[in-house]
Amino acid sequence: MLVILKRGSGEIDEQAAQILAGAIKKKPALTLGLATGGTMVGVYENLVRLHKTGSVDFSQVVTFNLYEYLGLPASHPQSFRHFTQKHFFRHVNVQPGNIHIPDGSIRGNYEQYCESYEQAICAAGGIDLQLLGIGRNGHIGFNEPTSSLASRTRLKVLSRETLDDNAKFFGTGEEAPQCAITMGIGTILKARKILLLATGASKAAAIVKSIEGPVTSAVSASALQLHPDVTFLLDAPAASRLTQREYYERVLKMTALLTPDRLS
Ligand code: GLP
C-alpha cells in the first residue's frame, strides 16, 4: 500500500490525472474503472485538459462505472451516467461502445443483470486501474458497512448516512433513490491497480480506519489492505488522523528512488 500525502485537493486532482494518463500511455487499451462524486470533478477536469493538449488519447480505453442509482433514468441530472457524461465523456474521445455503466432503469432479474455486468468486465480482460472515492462511513462504490468483502456486482440498499449525504442533490419533495447497483468489494479487489482519493476533514475518520484499522466489513475500504497494488492519494485534512504519516512519507521517497514505476 502506498499513501501519498498532498497539501490540497488541487494537487490531488493533478496527480490522479497524471497517474491515469500515464497508465493509458503505457497501455492505450486500458480498462478503467470510473468513480463519481465531488472528489472526482477536478480529476476529470485535469484529464480533459490533458486530452485537449494532446497528452492523452482515450480512443481505445474501455470504461466501467462503479455504480448507478436504481430507479433513476439515465437522463436524470443526479444519475451517475449523467455525471460522467457531463464531466468526462462529452469532452474526450472514449468510444460510446466502450462505455459501461450499470443501468439504473432495469426492473426485476437484478441478479442476472448484475452477473452480466461482471461478465462484461471479464470479457474486457478485467479492470486494469480502478479509481475510487470514499464515503464518510468508509464505503467504496456503494458497498455500505457490513457488505461482504467478497461481494460482486449487486443491488445494494443505501445506508442512512449515505442517504443523508446525498439528499442535498435532490429537489425538495423529490424522492431520492434508496438503492444502487454497485460493483462489489470482491469486484473492486480484482482490479490490477487501485487508486483511492480522499479530500477534506469529513473523510479523516474513514481514512484512518481504512489504512490503519483492522480489515472489517464495518469499513469497506479497509478491504483494500488485502490488495497488492493500492495507492491512497490524500489531502492534509483527510490524512489528519493517520498516526504514521512520517513513515508513509519515507516510503514514498524510497519508492521514488528504488521503484519509480510503482508511482506512475
Ligand atoms: C458516494 C459514492 C462514493 C463516493 C462518495 C464520496 O456515496 N457512492 O463512491 O466516493 O459518495 O463522494 P464525494 O466525493 O462527493 O465526497
Cleavage-rule hits (trypsin sites (Lys or Arg not before Pro)) in segment 1-80: DSSP loop, at most 10 neighbouring Cβ within 10 angstrom: Arg7
Additional length obtainable on full extension of the chain from Asn166 to Leu2, 0.36 nm per residue less Cα span: 56.1 nm
Burial ordering of His139, His51, fewest other beta-carbon atoms within 10 Å first: His51, His139
Inverse mean reciprocal Cα-Cα distance (Kirkwood Rh) of the chain, Å: 18.6
Exposed GluC sites (Glu not before Pro) absent - longest run of the chain, DSSP non-H/G/I/E/B, at most 10 other C-beta within 10 Å: 1-173
Helical contribution to [θ] at 222 nm, DSSP H n ≥ 4, -39,500 (n - 2.57), averaged over the chain, rounded to 500: -11000 deg cm²/dmol
Segment 2-263 - share of DSSP beta bridges that are antiparallel (%, nearest 5): 30
Dimensionless Rg over Rh [segment 8-149; C-alpha; Kirkwood]: 0.95
Helical segments meeting 24 Å axial Cα length and Kyte-Doolittle -0.5 threshold in the chain (DSSP H): 9-26
Considering only segment 74-229, percent of DSSP beta bridges that pair antiparallel, nearest 5: 60
Charge-dipole axis of segment 142-214 as Lys and Arg at +1 and Asp and Glu at -1 on Cβ define it, positive-most pick from Gln178, Ile207, Val157: Ile207
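Each reported figure results from applying straightforward, stated rules to the coordinates on display, with no laboratory input. Remember, it's a predicted structure, so these values are computed and weren't measured experimentally. Backbone-built Cβ (ideal geometry, glycine too); neighbour counts: all protein chains shown.
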